[in-house]
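K.L.:
Quick one: this structure, given as structure tokens, is what I'll be asking you about.
Taken together, the values in this text are just the output of simple stated rules run on the coordinates, not laboratory data. Fair warning: this is a prediction, and the values are worked out from it, not measured in the lab. Positions of Cβ are backbone-derived with ideal geometry, glycine not excepted, and every protein chain shown enters the neighbour counts.
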Amino acid sequence: MNHMAIAALKTQRRNLVQSMFDEGVLDNQFNQLQDLQDSSNPNFVEEVIALFCNDAERIITELNRYLNDQNVDFSKLDSYVHQLKGSSSSIGAYRLKLACVNLRQASEERNKEECAGAFNSIRREYYVVRSKLQVLMQLERHIVNLENQQ
Amino acid sequence: MAAQGRHGGKKSNKMTALVVDDNTVNRMIHHRLLDNLGIENVAVVNGKEAVDIHCSGKTFDLILMDMDMPVMNGIEATRQLREMGIRSMIAGVSTRSMEREIREFIEAGLDDYQEKPLTMSKLISIIHKING
């Protein structure tokens with residue numbers, strides 16, 4: 001029975017990952033990350049994702065703070081977005097990376113309104129990629145648990 | 001291009017590398033990439049720490065140098081390391097795409113430049129330049 005359950009979960013996982021690629025939520029860099037995981041580092045992807053999320057949430061909080069200032073410090077804003085863009089790109093969070101590019105653009109133009117809009121996109125894209133990755137990691141754990149029971 | 005005299009480190013023929021990057025996620029990924037290739041590596045968070053670690057007497061076969069970092073950026077760090085006489089392979093890694101900016105980085109003393117994000121194949125091509 002486990003055998004069937006494992007197969008079903010693997011199909012679910014495959015479909016989820018494919019949909020994330022199809023929607024541009026992830027790009028090929030995510031494959032690079034998966035390739036770095038092996039038996040000597042079986043939790044690598046999960047660890048990187050956890051680190052990424054921690055970092056991203058810290059940055060989003062800071063961005064929100066700076067954007068709510070009367071006089072927006074655009075250069076501080078830019079340096080935070082640069083960090084988030086870098087991390088997003090490194091884990092393959094494609095749409096989130098693009099949202100960061102937009103915020104950098106708006107920040108360069110010193111356009112507070114556009115920055116606010118771009119920031120909302122960042123927040124939205126971050127929560128999309130985070131929630132899908134969380135589901136993915138749950139599926140992975142479930143599969144590993146069942147496989148270990150075999 | 002072997003490292004010049006390892007002072008008080010492990011005596012081994014393993015390649016060594018220094019990761020210079022202010023981004024935690026990148027440091028973790030670069031560390032893993034290098035580990036997978038059997039390359040002993042250490043990470044620092046900005047150009048000044050990269051210079052300081054060399055001042056303390058450590059040398060590395062390979063330095064992966066990010067460009068944009070606080071305190072001291074990759075361009076300045078590369079310049080200083082070369083002025084100090086460091087001949088290690090320095091590979092710049094950056095997200096910058098403007099030719100002018102990349103050229104400035106290369107002219108500071110890089111042996112190679114790769115656009116981020118770093119992948120296994122990009123890293124292997126850097127390493128071939130050391131051995132080739």
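K.L.:
Among the complete DSSP H segments of chain B, which ones combine at least 15 Å of alpha-carbon extent along their axis with a mean Kyte-Doolittle hydropathy of 0.0 or more?
P.N.:
On the way: long enough: B:24-36 (18 Å, -0.65); B:120-131 (17 Å, 0.63).
Long hydrophobic helices here: B:120-131.
K.L.:
Related question: Considering only DSSP beta bridges with both partners in the protein assembly as shown, what is the antiparallel share in %, to the nearest 5?
P.N.:
Values: 1 of 19 bridges.
Just about 5 percent of them are antiparallel.
K.L.:
Let me ask something else. Could you work out the local net charge near A:Ile6, counting Lys and Arg as +1, Asp and Glu as -1, over the other residues with Cβ closer than 14 Å to its Cβ?
P.N.:
Working: positive: A:Lys10, A:Arg13, A:Arg14, A:Arg141; negative: A:Glu140, A:Glu147.
Net of charged neighbours comes to +2.
K.L.:
At a Förster radius of 25 Å, what calculated FRET efficiency corresponds to the Cβ-Cβ distance of A:Ala5 and B:Glu115, to the nearest 0.05? Spell out each step's value before the answer.
P.N.:
Values: r = 42 Å, r/R0 = 1.70.
For R0 = 25 Å, the calculated efficiency reads 0.05.
K.L.:
Rounding to the nearest 20 debye, state how big the charge dipole of chain A is about its Cα centre with +1 on each Lys and Arg Cβ and -1 on each Asp and Glu Cβ. Mind dumping the intermediate values first?
P.N.:
On the way: 17 positive and 20 negative charges, 58 e Å.
For chain A, the charge dipole is close to 280 debye.
K.L.:
Relative to the longest principal Cα axis of chain A, at what angle does helix A:94-108 sit, 0 to 90 degrees, rounded to 10?
P.N.:
Long axis of A:94-108 versus the principal axis of chain A: about 10 degrees.
K.L.:
Something else now. Taking 7 Å along the Cα-to-C-beta vector as the label spot, tell me the A:Asn31-A:Gln18 distance in nanometres, rounded to one decimal.
P.N.:
Distance between the two pseudo-spin positions: 1.5 nm.
K.L.:
While we're on this one: May I ask you to order B:21-32, A:70-81, A:119-130 by the average number of other C-beta atoms within 10 Å around their residues, highest value first?
P.N.:
B:21-32, A:119-130, A:70-81
K.L.:
Still on this structure, I have one more. What whole-number value in cubic angstrom gives the convex hull volume per residue for the C-alpha atoms of chain B?
P.N.:
Numbers: hull volume 13.0 nm³, N = 132.
In chain B, the Cα hull volume divided by residue count equals 99 Å³.
K.L.:
To continue, here is another question. Which value in nm describes the separation of the simple spin-label points at B:Glu83 and A:Asn64, placed 7 Å from the Cα toward the beta carbon?
P.N.:
Label at B:Glu83, label at A:Asn64, 4.4 nm between them.
K.L.:
Here's something else I'd like to know. Taking N as the number of residues in the protein assembly as shown, what is its Cα Rg relative to 2.2 N^0.38 Å?
P.N.:
Scaled against compact globular proteins, the figure is 1.10.
K.L.:
Using only DSSP helix segments of four residues or longer, with each worth -39500 (n - 2.57), what per-residue ellipticity at 222 nm results for chain B after dividing by its residue count and rounding to 500?
P.N.:
Details: 5 runs with 53 residues, N = 132.
Helix contribution divided over all residues of chain B: -12000 deg cm²/dmol.
K.L.:
Can you give the angle from 0 to 90° between the axis of helix A:44-67 and the longest principal axis of chain A, with both taken from C-alpha atoms, to the nearest 10?
P.N.:
Roughly 20 degrees, rounded to the nearest 10.
K.L.:
Here is a further query. With 10 Å bins from zero, work out the P(r) of the stretch A:21-150 over every alpha carbon pair and list the percent per bin.
P.N.:
With 10 Å bins starting at 0, P(r) equals 12, 41, 27, 14, 5, 1, 0.
K.L.:
Against the longest alpha carbon principal axis of chain A, how many degrees, from 0 to 90 and to the nearest 10, is the axis of helix A:2-22 turned?
P.N.:
For helix A:2-22, the angle is close to 30 degrees.
K.L.:
Just counting partner chain Cβ atoms within 10 Å, what average do the residues of peptide A:109-116 show around their Cβ? Intermediate values should be presented prior to the final figure.
P.N.:
Working: counts 0, 0, 0, 0, 0, 0, 0, 0.
Mean shielding count: 0.
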